[in-house]
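Below is one structure; the comments refer to it alone.
The values are calculated or read from the model by the stated rules, or taken from the named source; none is laboratory data. Computed from a predicted model, the values in this text were never measured in an experiment. Positions of Cβ are generated from backbone atoms using ideal geometry, with glycine treated the same way; all protein chains shown enter the neighbour counts.
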Amino acid sequence: MLLFRKEIMIAKQSIKFLVVLFTLTTTLTAFANGGDHENQHTKGNQVDSPDEIREYISHHLKDSHDFHFYSDNATGRHFSFPLPVIVWTSEGLRTFMSSEFHHDDAGHVIVEKDGVKLTKIHSKIHELEAGAHQVKFDEYHHAVNAHRVLDFSITKSVFGMLLAGLLMLLGFGALARSYKKGHVPTGIGRFLEPLVIYVRDEIAKPNIGEKKYRKFMGFLLTVFFFIWILNLLGLTPLGFNVTGQIAVTACLAIFTMLIYMFSGSKDFWAHTLWMPGVPYLLRIPLAIIELVGFVLIKPFSLLVRLFANMTAGHFVVMSLIALMITMKEAFGPVTSTGMSLVLALFISVIEILVAFLQAFIFTMLSSLFIGMAVEEHDHH
Amino acid sequence: MYNLIGAGLIVIGGGIGLGQIGGKAMESIARQPEAAGKIQTAMIIIGALLEGLAFGALILGK
């Protein structure tokens with residue numbers, strides 16, 4: 001028990017440090033996400049046809065500069081709340097609230113801030129060239145006289161990550177504080193302690209080994225709870241899709257990669273670069289294969305697995321909700337709505353399981369790779 | 001077009017593989033219920049690796 005208390009103190013310190021590090025780095029990378037195949041919205045955001053549903057879903061899967069709940073088509077009013085926009089333009093830093101764009105996403109509304117004209121096209125903030133008053137588009141709908149700016153905005157995803165960090169600080173802070181009073185945690189700690197022990201006993205110890213697992217517990221616990229909380233946030237009606245942003249999952253995978261590369265033992269490097277017991281001619285191709293595997297393929301599979309699972313989950317839930325529109329003609333409004341509600345509920349319950357499973361798998365594979373790197377072989 | 005066919009083939013392969021993993025895991029749990037925990041963990045890890053491959057094909061083939 002005493003051993004466990006000491007461990008929690010170490011975990012507490014490293015969790016606090018890693019949360020700060022994570023939120024800082026992922027904040028910086030979150031602006032780099034997304035593709036450019038996204039279309040304009042219709043005027044009142046009305047969603048009726050399959051094409052509009054597809055647009056709506058692809059818009060939901062991306063990051064945005066405000067929380068948008070719904071729009072009233074009759075009055076054209078939007079029910080949403082804005083988030084701060086922080087951009088580094090050619091003239092320097094500019095900050096304002098995203099409500100100044102008035103939900104425009106096609107480059108129609110131009111916000112002027114101290115001589116810099118800014119507009120939002122496909123959820124990306126563009127700066128107009130000097131002298132331009134309007135955005136011109138070429139035939140592929142790319143802006144001709146506007147360019148992207150460095151975007152450090154508190155977007156929806158960044159807000160979600162900050163929220164997850166705050167929840168973790170509060171929850172684990174309470175857990176750590178309750179160990180000062182006695183051996184049995186109180187309050188939220190009673191829920192969190194079994195999970196911490198689960199990560200230690202089922203994930204870290206079997207994969208990394210009894211001797212060396214403790215150094216990596218901070219990272220593994222942080223990654224586990226960070227992914228799990230964000231996956232669960234994605235199931236709330238707020239519309240977060242943070243773990244479905246490839247920049248976020250890439251950042252997490254790069255963390256894992258750096259940790260196992262830098263904690264590799266002598267034996268790991270010997271086996272990677274100059275495999276013993278193999279003919280000399282084979283050693284060079286083997287070294288290349290091993291290096292590519294550790295540097296590229298393992299992190300890539302980690303990041304793609306989490307990203308694709310969460311994106312697919314959101315896509316399926318939203319498509320099933322859209323059934324009430326697409327099936328209205330065939331089955332009538334009541335049957336189609338009931339059908340889509342039952343199916344969406346069913347998939348959402350499965351998604352709760354997937355949220356945990358993906359966090360578990362990411363942590364499990366991270367510790368497996370770390371275990372491969374720190375392992376020391378017996379010399380025969 | 002061909003990339004879509006390739007991605008589809010890989011996803012079919014992934015489906016067959018996942019079925020094999022799940023079926024064999026079920027069988028071995030039925031034979032040795034006391035080892036269920038270990039079998040499940042191994043099953044999930046291999047399933048995840050396979051899933052990563054299939055998702056990679058989906059993303060690259062899109």
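So A:His380 clears everything in (1) outside the structural domain of A:Leu235 (by TED's automatic domain parsing); (2) at pLDDT 90 or above except one condition, right? Which one?
Tallying (1) outside the structural domain of A:Leu235 (by TED's automatic domain parsing); (2) at pLDDT 90 or above, A:His380 fails exactly one: (2).
Tell me which residues, restricted to region B:13-62, are facing chain A (nearest Cβ under 8 Å) and within 14 Å of the chain's Cα centre (by Cα).
B:Thr41, B:Ile44, B:Ile45, B:Ala48, B:Leu49, B:Glu51, B:Gly52, B:Leu53, B:Phe55, B:Gly56
In region A:287-331, how many are among the charged types (D, E, K, R), farther than 22 Å from A:Leu233 by Cβ and within 12 Å of another protein chain (Cβ to nearest Cβ)?
Quick first cut of region A:287-331, residues among the charged types (D, E, K, R) only: A:290, A:298, A:305, A:328-329.
Filter once more, keeping what is farther than 22 Å from A:Leu233 by Cβ: A:290, A:298, A:328-329.
If we keep only those that are within 12 Å of another protein chain (Cβ to nearest Cβ) too, we end up with A:298.
Number of matching residues: 1.
Given the structure, is A:Gly218 among the small types (Gly, Ala, Ser), at pLDDT below 90 and buried (at least 16 other Cβ atoms within 10 Å of the Cβ)?
no
What's the number of the only condition in (1) out of contact with any helix residue (DSSP H, G or I) (no Cβ under 7 Å at 6 or more places or on another chain); (2) touching a residue at least 12 places away in the same chain (Cβ under 8 Å) that A:Phe191 fails to meet?
(2)
Are any residues in region A:350-380 surrounded by fewer than 16 Cβ atoms within 10 Å (Cβ to Cβ), away from chain B (no Cβ under 13 Å) and in a helix (DSSP H, G or I), and if so, which ones?
A:Ile350, A:Ile352
Considering only region B:2-10, I want to know if a residue exists there that is farther than 22 Å from A:Gly313 by Cα, assigned to a helix (DSSP H, G or I), among the β-branched types (Val, Ile, Thr) and away from chain A (no Cβ under 14 Å).
Yes.
For region A:197-206, how many residues meet the condition of being closer than 16 Å to A:Ser366 by Cβ and away from chain B (no Cβ under 14 Å)?
Selection size over region A:197-206: 1.
Among the residues of region A:108-136, count how many are closer than 19 Å to A:Thr95 by Cα, of a type in the set (Val, Ile, Thr) and in a loop (DSSP other than H, G, I, E, B).
Residues meeting the conditions: 2.
Quick one: count up the residues across region A:137-175 that are in contact (Cβ under 8 Å) with a residue 24 or more places away in the chain, in a helix (DSSP H, G or I) and touching a Pro at 6+ places or on another chain (Cβ under 9 Å).
1
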